[in-house]
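Working notes, structure below.
The values are calculated or read from the model by the stated rules, or taken from the named source; none is laboratory data. Because the structure is a prediction, the values reported are computed rather than measured. Cβ placement follows ideal geometry from the backbone for every residue including glycine, while neighbour counts extend to all protein chains displayed. Please note that ligands, DNA and RNA were not included when accessible areas were found on the heavy atoms of the full protein model with its side chains. Shrake-Rupley method; radii C 1.70, N 1.55, O 1.52, S 1.80 Å.
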Amino acid sequence: MTYYVVAHFHYVLSLGAVYALFAAYYYWVPAKILGKPYNELLGQIHFWSLSIGVNLTFMPQHFLGLAGMPRRIPDYPDSFEGWNLISSLGSIISIVATVLFIYIIYDTLAQPEDTLANDPWAVPAFFTSPRGAGVTKAATTLEWAITSPPAFHAFEGQLPVQSVNPPPPLGRPPPLTGWIKKNF
């Protein structure tokens, strides 16, 4: 077997799982779990540097595999040196991106308490056009209808899965018992 197997495996399985974990962190942890924002610019730098790093790491390994470089060898012919150097540089970029992600976690934890709105996806009204071209959007699922982070036992029981009724207005959620009885 050649390095093509290594490259394909890491592209399909490993990176799929890694990017899913990063997406879950950026979606859930700041808004719902911690209630603190993260630096979006650093998050975008992290995404792009990691994407460049992993592509520089694993794309040359496809070429090495097609050229016949076997897996699990302690030394390789000099003809493979160029692609291995590019792959090594890509892994260094990926390490730097991972260190940046650790800093983003630290920076998020160092934020003061209660600095995030209940619905971080809401678009403020001043972004809408007076001619009606813009539409104010907000997340309308039940998870964003309660405070961030949610209180322990935020609901008194299992809620039925429905999407017919809109959630309560953001910023001032009504008492949960009355709202649940009325809308569910």
Considering residues that are assigned to a helix (DSSP H, G or I), modelled with pLDDT under 90 and buried (at least 16 other Cβ atoms within 10 Å of the Cβ), the number found within the stretch 31-51 is 3
Output for Cβ contacts, cut-off 8 Å, separation at least six or different chains, first residue touching a residue at least 60 places away in the same chain (Cβ under 8 Å) in the stretch 3-14, second of a type in the set (Lys, Arg) and not in a helix (DSSP H, G or I), reads Tyr3/Arg71; Val5/Arg71; Val6/Arg71
Total residues in the stretch 69-93, condition part of a loop (DSSP other than H, G, I, E, B), touching a helix residue (DSSP H, G or I) at 6+ places or on another chain (Cβ under 9 Å) and modelled with pLDDT under 90 | 2
Would you check if Ser79 is among the small types (Gly, Ala, Ser) and open to solvent by 70 Å² or more (accessible area, probe 1.4 Å)?
-> yes
From Met69, Met59, residue being surrounded by fewer than 17 Cβ atoms within 10 Å (Cβ to Cβ) and in contact (Cβ under 8 Å) with a residue 24 or more places away in the chain = Met59
